[in-house]
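No lab work stands behind these numbers, since they all come straight from the coordinates. Predicted model only: the values in this text are computed from it and were never measured. Note that we place each Cβ from the backbone using ideal geometry, even for glycine, and neighbour counts take in every protein chain shown.
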Amino acid sequence: MGTLPLMTGEHEQVHGGTRQPGRDATHWDERYAATDRLWSAEPNATVESVIAELEPGTALDLGAGEGRHAVWLARRGWRVTAVDFSATGIARGREAAPDAEVAWVVDDVRTWVPTTTYDLVLVAYLHLADDVLKRFADWIAPGGRLVVVGHALRNLTDGVGGPQDPRLLHTEDQLRTAAEGLSIERLEEVFRPTPEGTAIDLLLVARRA
Ligand SMILES: C[S@@+](CC[C@H](N)C(=O)[O-])C[C@H]1O[C@@H](n2cnc3c(N)ncnc32)[C@H](O)[C@@H]1O
């Protein structure tokens with residue numbers, strides 16, 4: 001969505017206020033198949049501003065969707081692995097940027113295990129149970145970073161859009177726990193303008209010594 005979403009956005013899931021976020025691959029496949037592009041082609045503004053400062057290396061994009069971050073990273077010189085359990089989302093990323101140096105993987109990040117560690121692990125708008133999030137920190141190489149950006153729990157009451165199930169939303173405590181063993185560089189709310197109003201996200205940037 002860059003600064004603002006294209007047609008839909010990070011806040012798309014609650015239009016009408018009735019739809020709860022899907023948790024299986026079939027649900028996401030159907031959502032991607034129902035539109036030409038669910039998310040914008042540009043990276044999220046927070047992801048862009050945080051990562052633009054980093055020296056390129058190896059990157060893992062978890063819940064990569066249609067690949068907007070994976071492709072953007074690859075074009076900046078990162079060697080990217082993009083994982084998502086939606087084959088439709090991954091196919092769209094691959095087709096949109098066939099020249100991009102991205103290893104596309106269709107798999108479930110709750111069970112997938114990498115064979116290496118990464119200089120960057122990116123988790124953008126992927127909302128899963130706490131114990132899953134905690135696994136990701138182990139996949140960071142020395143000197144590497146975990147970057148998480150997603151809807152804050154406070155968005156339910158004070159913001160707009162995003163999943164409406166509180167169990168799926170980020171809190172500072174949850175992200176602090178996920179970053180155990182890493183040093184936290186940033187843990188803060190981010191206010192994101194959308195056509196419907198301001199959405200409240202949480203950002204975590206944590207580094208392995
Ligand atoms: C809101 S979208 C965000 C996509 C992308 N990170 C972005 O910011 O454009 C969430 C994505 O997470 C994926 N996802 C959800 N649960 C997953 C899981 N357990 N394993 C792999 N992908 C998952 C969905 O298929 C969907 O593409």
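When E48, E95, E66 are ordered from fewest to most other Cβ atoms inside 10 Å of their Cβ, what list results?
So the ranking, lowest neighbour count to highest, is E95, E48, E66.
Please list, by residue number, everything in segment 70-105 whose backbone N is under 14 Å from a paramagnetic label point 7 Å out along Cα→Cβ of R37.
The answer is 70-72, 92-98.
Normalise the Cα radius of gyration of segment 30-81 by 2.2 N^0.38 Å (N = residues in it) and let me know the number.
Expressed relative to 2.2 N^0.38 Å, the Cα Rg reads 1.20.
Where the convex hull is taken over the Cα atoms of the chain, what is its projected area averaged over directions, in nm²?
With every direction weighted equally, the projected area is 10.2 nm².
How compact is segment 123-209 by the rule of thumb for globular proteins, expressed as Cα Rg over 2.2 N^0.38 Å?
1.08
In which sequence would H151, H27 go, from the one with the fewest C-beta neighbours within 10 Å to the one with the most?
Fewest-to-most ranking of H151, H27: H27, H151.
Please give the FRET efficiency for R186 paired with W112, using the beta carbon to beta carbon distance and R0 = 25 Å, rounded to the nearest 0.05.
About 0.40, to the nearest 0.05.
Fewest first, what order do I51, I90, I184 take by the number of other Cβ atoms within 10 Å?
The order, fewest Cβ neighbours first, is I184, I51, I90.
So what is the calculated 222 nm ellipticity per residue for the chain, using -39500 (n - 2.57) for each DSSP H run with n of 4 or more, over all residues, to the nearest 500 deg cm²/dmol?
My calculation for the chain gives -6500 deg cm²/dmol from helical runs alone.
Counting residues in segment 64-156 as N, plug N into 2.2 N^0.38 Å and put the Cα Rg over that result.
Rounded to two decimals, the normalised Rg is 1.08.
If you plug each phi of segment 40-54 into the Karplus form 6.51 cos²θ - 1.76 cosθ + 1.60 with θ = phi - 60°, what whole-Hz ³J(HN,Hα) values come out, in order, with x for Gly and Pro?
Coupling constants for segment 40-54: 5, 7, 8, x, 4, 4, 6, 4, 4, 5, 6, 7, 4, 7, 8 Hz.
What whole number of Å gives the distance from the Cα centroid of segment 37-57 to the Cα centroid of segment 160-209?
The two parts, judged by their Cα centres, are 16 Å apart.
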